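This report concerns only the one structure given below.
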Amino acid sequence: MAAQQPSEKILVVDAQADSAKLIVLQLQEAGFAAVWARDGEAAIGMLDGDDYSLALLDIRLPKANGIEVLSHIRESGKDTAAIMMTAHGNENLAVECMKAGCVDYLSKPFAMDDMLQRVMRAMTNRRVLLQKQRLEQEKDDFVSMLSHDMKNPLTAVIGSIDIIREGRLGTVNQEQAEYLHAAIDSCNEVIAMIDNLLDIHRFEAGRMQMKIAAYSAVEILRGGTRRFTRIAEHDGIRLRERLSHETPRIAVDKNAFSRVIANLLANSVKFTPEGGEIVVSCRCLKGAEVPWTRLPSYVTVPDGFAEKDCFVQVSIRDTGSGIPPDDLGRIFERYVQSRSGVGRERGGAGLGLAFCKMAVESCGGIIWVESEAGLGSIFVILLPCYLNGTECTGK
């Protein structure tokens, strides 16, 4: 067998000195730096004092048994892998140990060749896991870099362009102002893509902090349409509102939900040709009015959601190129864009709709799209009504 790196240390924890020393000798001949601990207390002290790649733990140990040593390894945060050693008849206990975090178990008495093969396999798996963790850390570092080293300079660029656009450095004519507006819009689009990437990463890592409170859906939607009115007009697109003033409030993270609306509007503008129309709607629905049977299969309805009697439905409809049927179930995934040709030249990372799905679901709602190629699309968000900050069940 190939010799291992000297840094790969193995701790053998066994109260039976003769068998333990034989295991240590076999491991040393295989190229490992193996040492022995005669009881659980000594093993814990040695694990705290040095880094071990693997621990071979007998379940029955004086002072602290093998399960206690395993628990100590996991609680300490060390990346030491563990193989449990147990006498015949204790396999069920060994399986429980594997559920607790050990990677394998050996039934005594065992053949040394079998032991070495299992050790080699555990070491290989550990190396793969550590490499994966390093890659995850590199991804975290890259995402942090995006936030600081790319987003902040872009914000400074927007500020500088805005100073010129406002005429503070000299007169700016209408054509020049249009180009400067376009430059600002492009910078904001890149910042939006960075924000989507960062927040998707936070959602997946369980580190996205949502500040849920009751807000007026109408006010949030109006803020979104105000932002995109000029952009739509520049592209020759009519942007209209159909907002019911009697719509109950919804419980959402205001910043996240505002970005959901912005992402959906940006998507509609991108895929709607000149002369087209985008309509933003909001209304209250009773539970019986919700088209439950029309919900696509990719929509995950939360437990108890369909039993509620009051919902706020937000929809954004466009007269764009539409979405091919085969893409409808994929467009809410990361890095996926519709294969529709119209609008593709405008670019995009395929992150906006993935963020929308994660954000809406984190607010206790659902989102889906209804579309037909060439006939436009309608994105629909359904959230429970909230009255006076309390969920309205209608019962």
*asked:* Go through (1) modelled with pLDDT of 90 or more; (2) under 29 Å from the mean Cα position of the chain (by Cα) for Ser297 and report which single condition fails.
replied: (1)
*Among the candidates Leu61, Leu57, which residue alone is assigned to a strand (DSSP E or B) and buried (at least 18 other Cβ atoms within 10 Å of the Cβ)?*
Leu57
*Which residues, counting only those in region 284-302, are in a loop (DSSP other than H, G, I, E, B) and free of Cβ contacts under 8 Å to residues at least 12 places away in the same chain?*
Pro291
*asked:* Need the failing condition index for Glu241 against (1) touching a residue at least 12 places away in the same chain (Cβ under 8 Å); (2) within 25 Å of Leu197 (Cα to Cα); (3) among the charged types (D, E, K, R), just the number.
replied: (2)
*Taking Met112 as meeting all but one of (1) touching a Ser or Thr at 6+ places or on another chain (Cβ under 8 Å); (2) surrounded by 14 or more Cβ atoms within 10 Å (Cβ to Cβ); (3) touching a residue at least 40 places away in the same chain (Cβ under 8 Å), write down the number of the exception.*
(1)
*Odd one out for Lys151, checked against (1) surrounded by 12 or more Cβ atoms within 10 Å (Cβ to Cβ); (2) closer than 18 Å to Ala182 by Cβ; (3) not hydroxyl-bearing (Ser, Thr, Tyr)*: (2)
*Find all pairs meeting these conditions: Cβ atoms under 9 angstrom apart; at least six residues apart or on different chains; first residue within region 166-184 and under 18 Å from Thr155 (Cβ atoms) and modelled with pLDDT of 90 or more; second residue among the β-branched types (Val, Ile, Thr) and assigned to a loop (DSSP other than H, G, I, E, B).*
Leu180/Val172
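The values are calculated or read from the model by the stated rules, or taken from the named source; none is laboratory data. Being a predicted model, the structure only gives us computed values, none of them experimental. In this analysis, Cβ positions are derived from the backbone assuming ideal geometry, glycine residues included, and neighbour counts consider all displayed protein chains.
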